[in-house]
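Chemist: For reference, the structure I am asking about is given below.
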Amino acid sequence: QVQLVESGGGSVQAGGSLRLSCVVSGVGPVYMGWFRQGPGKEREGIASISPNAARTRYSDSVQGRFTISRDSSTNAVYLQMNSLKPDAAAMYYCAGGVSGLSLGVGNFQWWGQGTQVTDSS
């Protein structure tokens, strides 16, 4: 019943920007996170936000460059990515959970299908 659908992936250059979206249905406001997984790498939690948007958390790898936000009227979640580095090339997933801001994959029980971000040369 709970469904998360990401969009906004695409091809970007180093130093570029991209905005990802996640539409959530079937559940009210929960903790939300964004994760990415590049080829041959583990899934990495990069940002999370509390149900009321009062608190956010970022991994050291994206701190200062990425911003997570949400819209309480639509239950959508966003990730604004700026100053992109080569490690931005990955599959990006949004996820929902009920426990807290932890960026560990085990903290989240609902997952989207992913949206792909690639590098342009």
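The values are calculated or read from the model by the stated rules, or taken from the named source; none is laboratory data. All figures in this text were calculated on a predicted structure; none of them were measured in a lab. Heads up, the Cβs are rebuilt from the backbone with ideal geometry, glycines too, and the neighbour counts pull from every protein chain shown. In case anyone asks, the SASA skips ligands and DNA or RNA and just uses the protein heavy atoms, side chains included. Shrake-Rupley method; radii C 1.70, N 1.55, O 1.52, S 1.80 Å.
Chemist: Restricting to strands (runs of 3 or more DSSP E) lying wholly in region 1-72: which have 2 or more residues that are touching a Leu at 6+ places or on another chain (Cβ under 6 Å) and within 18 Å of Trp110 (Cβ to Cβ)? Before you say what the answer is, go through the steps one by one.
Modeler: Numbers: elements: 3-7, 18-25, 31-37, 44-49, 56-58, 66-71.
Per the criteria, 18-25, 44-49.
Chemist: Same structure, new question: With the requirement that a residue be under 21 Å from Gly16 (Cβ atoms) and either free of Cβ contacts under 8 Å to residues at least 24 places away in the same chain or aliphatic (A, V, I, L, M) (or both), what does region 78-120 give you? First the steps, then the outcome.
Modeler: At the first step, the residues of region 78-120 found to be under 21 Å from Gly16 (Cβ atoms) are 78-94, 114-120.
Hits for region 78-120 are Leu79, Met81, Leu84, Ala88, Ala89, Ala90, Met91, Val117.
Chemist: I've got another one for you. With the structure loaded, tell me whether Gly38 is buried (at least 17 other Cβ atoms within 10 Å of the Cβ) and touching a helix residue (DSSP H, G or I) at 6+ places or on another chain (Cβ under 8 Å) or whether it fails that test. Walk me through how you get there before you give the answer.
Modeler: Values: buried (at least 17 other Cβ atoms within 10 Å of the Cβ): no; touching a helix residue (DSSP H, G or I) at 6+ places or on another chain (Cβ under 8 Å): yes.
Spelling it out, it is not the case that Gly38 is buried (at least 17 other Cβ atoms within 10 Å of the Cβ) and touching a helix residue (DSSP H, G or I) at 6+ places or on another chain (Cβ under 8 Å).
Chemist: Can you tell me which residue is farthest from Lys85 (Cα to Cα) among those in region 1-24 that are of a type in the set (Ser, Thr, Tyr) and open to solvent by 50 Å² or more (accessible area, probe 1.4 Å)?
Modeler: Of all residues in region 1-24, those of a type in the set (Ser, Thr, Tyr) come to 7, 11, 17, 21.
If we keep only those that are open to solvent by 50 Å² or more (accessible area, probe 1.4 Å) as well, we get 7, 11, 17.
Details: Ser7: 20, Ser11: 12, Ser17: 10 Å.
For region 1-24, the residue satisfying everything is Ser7.
Chemist: Further question on the same structure: In region 48-77, which residues are polar (S, T, N, Q) and without any contact (Cβ under 8 Å) to a residue 12 or more places away in the chain? Working first, answer last.
Modeler: Taking region 48-77 first, the residues polar (S, T, N, Q) are 48, 50, 52, 56, 59, 61, 63, 67, 69, 72-75.
Answer for region 48-77, where residues must be polar (S, T, N, Q) and without any contact (Cβ under 8 Å) to a residue 12 or more places away in the chain: Gln63, Ser73.
Chemist: So how many residues does region 75-121 have that are among the aliphatic types (A, V, I, L, M), open to solvent by less than 50 Å² (accessible area, probe 1.4 Å) and not in a strand (DSSP E or B)?
Modeler: Looking only at that region, the number is 5.
Chemist: When you scan region 59-100, how many residues do you find that are among the hydroxyl-bearing types (Ser, Thr, Tyr) and either touching a Ser or Thr at 6+ places or on another chain (Cβ under 6 Å) or closer than 20 Å to Gln113 by Cα (or both)? Give the derivation first.
Modeler: Of the residues in region 59-100, the ones among the hydroxyl-bearing types (Ser, Thr, Tyr) are 59, 61, 67, 69, 72-74, 78, 83, 92-93, 99.
Going one step further and asking which of them are either touching a Ser or Thr at 6+ places or on another chain (Cβ under 6 Å) or closer than 20 Å to Gln113 by Cα (or both), we end up with 69, 74, 78, 92-93.
Counting residues in region 59-100 that are among the hydroxyl-bearing types (Ser, Thr, Tyr) and either touching a Ser or Thr at 6+ places or on another chain (Cβ under 6 Å) or closer than 20 Å to Gln113 by Cα (or both) gives 5.
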